[in-house]
Amino acid sequence: IPLAKLSGPIAAVFMFWFNLVFNFFVCSASGQAAIVMPIMAPLSDIVGLSRQVAVLAYQYGDGLSNTIFPVSSSLVASLAIAGVPFQKWL
């Protein structure tokens, strides 16, 4: 497996960026976890990371993307209530 040759920190950063991009397509946190975590947990075992690091990469990727992607309903609703245009938010 080519992924087994990745070092732990590089694999963790890869998992973070993967989740950040994946959250654009699956906005639901629970839906994203149901799809991604069965892949990321064994991946973390293969590269020698704890599963806690995989969960942390998922949480950071999900949390950061919810503050910048306009498909996040909570972000759009919050901006609308506050009267802040999305362009200004970015």
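Between 0 and 90 degrees, the angle of helix 29-47 with respect to the longest Cα principal axis of the chain falls at about 30 degrees. Every pair of different Cα atoms in the chain enters the Kirkwood calculation, which places the hydrodynamic radius at 13.9 Å.
Share of carbon and sulfur in the accessible area of the chain stands at 73%, probe radius 1.4 Å. Only alpha carbons enter this Debye calculation for segment 46-90, each as an equal point scatterer, and the log10 of I(q)/I(0) it gives at q = 0.26, 0.28 Å⁻¹ is -0.87, -0.95.
Between ILE10 and MET37, the distance separating the two model label sites (each 7 Å from Cα on the Cα→Cβ line) works out to 2.8 nm. Ligands, DNA and RNA excluded, the heavy atoms of ILE81 present near 150 Å² of accessible surface to a 1.4 Å solvent probe.
The values are calculated or read from the model by the stated rules, or taken from the named source; none is laboratory data. All values reported here derive from a predicted model rather than from experimental measurement. All Cβ positions, glycine included, derive from the backbone under ideal geometry; neighbour counts span all protein chains shown. Surface accessibility is based on the protein's heavy atoms, side chains included, excluding ligands, DNA and RNA. Shrake-Rupley method; radii C 1.70, N 1.55, O 1.52, S 1.80 Å.
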